[in-house]
1. So, in nm, how far is label residue 199 from label residue 96 when the simple model puts each one 7 Å beyond its Cα toward the Cβ?
2. Rounded to the nearest 0.05, what FRET efficiency do residue 107 and residue 26 give with R0 = 41 Å and r taken as the Cβ-Cβ distance? Could you check?
3. What nm value, rounded to one decimal, do you get for the distance between residue 48 and residue 84 when each label is placed 7 Å out toward the C-beta?
4. For a Förster distance of 22 Å, can you work out the FRET efficiency between the beta-carbons of residue 41 and residue 174, rounded to the nearest 0.05?
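Every number here is computed from the coordinates shown, using simple stated rules; none is lab data. If you're wondering where the values come from, they're calculated on a predicted model, not measured in any experiment. Here the Cβ positions follow ideal geometry from the backbone for every residue, glycine too, while neighbour counts run over all protein chains shown.
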């Protein structure tokens with residue numbers, strides 16, 4: 001069921017992604033037409049999906065808490081598309097998934113997708129468009145662990161309280177009985193790490 005936070009997260013990510021995809025395509029318009037075609041296809045896909053989600057959210061806002069017309073994206077069904085769209089912005093994204101997304105509880109799968117989405121958006125907002133981003137998803141000790149890491153290019157951002165997206169991630173983790181940390185490491189990378197219990201909050 002979509003809420004106002006779902007609208008903010010989805011539209012915010014889509015606008016960031018489309019802006020970066022268009023910028024990356026413009027830079028190589030004459031030298032790499034194949035990349036431009038991929039970026040334009042990703043822009044089309046991103047906007048189509050977001051319009052569908054927006055319709056669902058607006059339906060909920062009009063009708064109270066009734067169900068929307070489109071299902072929320074999940075780690076199980078939508079991670080590959082999210083990674084592909086992010087790569088179309090020029091980012092070099094690697095992903096290692098040491099877990100079976102199909103085996104995750106639906107709520108956990110949905111919230112994990114949003115966390116990965118926001119982690120990628122955060123990396124793209126605070127680094128160059130060609131940034132290398134490493135995504136790792138694994139299950140260990142009864143918890144789903146999500147790590148999003150990218151090199152720090154220049155001074156580490158000063159965000160003692162975290163940006164709005166990082167606060168949203170912390171809120172999602174806390175509501176699920178989990179934890180999140182974000183910040184620079186000694187290896188000159190920015191690391192987001194989230195732990196979510198597989199069985200939900202106690």
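1. 2.8
2. After rounding to 0.05, the efficiency reads 0.55.
3. 1.0
4. Taking R0 as 22 Å, the efficiency between residue 41 and residue 174 is 0.05.
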